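Note sheet for the following structure.
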Amino acid sequence: MLFLEPWSKPLLFAHLIAAIAACSSAVHVGCRLYLLMRGRPGLLKSLQLHARILALSYALAFVLGALIYPVFRIRVRHEFLESAFPAGVGLFELKEHFAALALIPAIGVWMILRAWEPRIVEDRQSAPVVYAMLAVVLAALGYNAWSGWYLGSLRSI
Amino acid sequence: MRHAHTHAISLAAASAACALIYLFPVPGPRYYPLDHLWRMETIAGEPSMGWYAHMAVALFLGAIVAAIAHRIARRRTAIPAKPMFHLLAASVVATAILAAGVLTWREFGGTH
């Protein structure tokens, strides 16, 4: 029996839900940030709320993914992918790497936007950094959603 | 300098540093899921996982870079000019693209 193997399916489902929340909140943050920077300052509160949801859901999806990784490593990668579909090993490894690379940006978007105050326009000078971090997060989420779905359709835990 | 600016500087530095550190091999323990053991050495033919240590070291060093950058930025009183934030944004995206490219090449086109 592998680490957390009896719980792997519920954990995988929770990982999926957290990932969906992260994807949707990242899109919300992007749209609200774009509108706010074009003269809709009233959106700041909801922007900060979605940035918080993004950070929490991304971190939760990351931790849950790390917890079920040993089961995937043996039951899917070792027992199936390495013999039947070697390219799938690379696809999954990249998913793990990209998830780690986007963790600091996902939390960073929230921390920067949390420090923005409604009446201080100078705070918004840091918007390019938020856009850049959000782009990294969206790219990682996009790849991870696609590769996670594709590999899961071949064999899941 | 305001928190919005110090956070942007320190987190952009951390993000870029983490992406660059991630490209280098990191000595650390590997997890052997079949044995439920952590070992420093790599045993040929036995499935093991080095991602945990690699990721933890990159994030930890990224956090240290963030702390140092935050400390330096906090001492400055003037708000940085706009190009500074554009430069930071470009460095975040460029290092992420570099890391993604190198990692993809390692997985599909080259050797580890």
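The values are calculated or read from the model by the stated rules, or taken from the named source; none is laboratory data. A quick note: this is a predicted structure, and the numbers were derived from the prediction, not measured. Neighbour counts are summed over all protein chains in view; Cβ atoms, including those assigned to glycine, are modelled from backbone coordinates with ideal geometry.
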Subject >> When residues of the stretch B:70-112 are limited to those that are of a type in the set (Lys, Arg) and within 11 Å of chain A (Cβ to nearest Cβ), the one surrounded by the most Cβ atoms within 10 Å (Cβ to Cβ) >> reply: B:Arg106
Subject >> Selected residue (only one of A:Phe92, A:Phe80 is surrounded by fewer than 19 Cβ atoms within 10 Å (Cβ to Cβ) and either of a type in the set (A, V, I, L, M, F, W, C) or over 16 Å from A:Ile157 (Cβ atoms) (or both)) >> reply: A:Phe80
Original post:
Restricting attention to the stretch B:92-106, does a residue exist that is assigned to a helix (DSSP H, G or I), farther than 19 Å from A:Gly108 by Cβ and small (Gly, Ala, Ser)?
Top reply: yes
Original post:
Looking only at the stretch A:90-121, which residues are in contact (Cβ under 8 Å) with a residue 40 or more places away in the chain and outside any helix (DSSP H, G or I)?
Top reply: A:Ala102, A:Trp116, A:Pro118
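Here's the yes/no breakdown for (1) more than 25 Å from B:Ala67 (Cβ to Cβ); (2) within 10 Å of chain B (Cβ to nearest Cβ); (3) in contact (Cβ under 8 Å) with a residue 60 or more places away in the chain; (4) assigned to a helix (DSSP H, G or I):
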position: A:Gln125; (1), (2), (3), (4): no, yes, no, yes
position: A:Ala135; (1), (2), (3), (4): no, yes, no, yes
position: A:Leu151; (1), (2), (3), (4): yes, no, yes, yes
position: A:Ser156; (1), (2), (3), (4): yes, no, yes, no
Original post:
Across the stretch B:1-53, what is the number of residues that are farther than 30 Å from A:Arg119 by Cα, facing another protein chain (nearest Cβ under 7 Å) and touching a residue at least 40 places away in the same chain (Cβ under 8 Å)?
Top reply: 3
**OP:** Output the residues belonging to the stretch A:101-123 that are within 19 Å of A:Leu16 (Cβ to Cβ) and at the interface with chain B (Cβ under 7 Å from one of its Cβ atoms).
**Re:** A:Leu103
**OP:** Please find, within the stretch A:21-35, the residue that is nearest to A:Ala59 (Cα to Cα) out of those that are of a type in the set (A, V, I, L, M) and buried (at least 20 other Cβ atoms within 10 Å of the Cβ).
**Re:** A:Ala22
Original post:
Does A:Ala59 fit the bill of being closer than 20 Å to A:Leu4 by Cβ, assigned to a helix (DSSP H, G or I) and either at pLDDT 95 or above or more than 13 Å from chain B (Cβ to nearest Cβ) (or both)?
Top reply: yes
Original post:
Would it be correct to say that A:Val130 is facing chain B (nearest Cβ under 7 Å), closer than 26 Å to B:Ala94 by Cβ and either among the polar types (S, T, N, Q) or assigned to a helix (DSSP H, G or I) (or both)?
Top reply: no
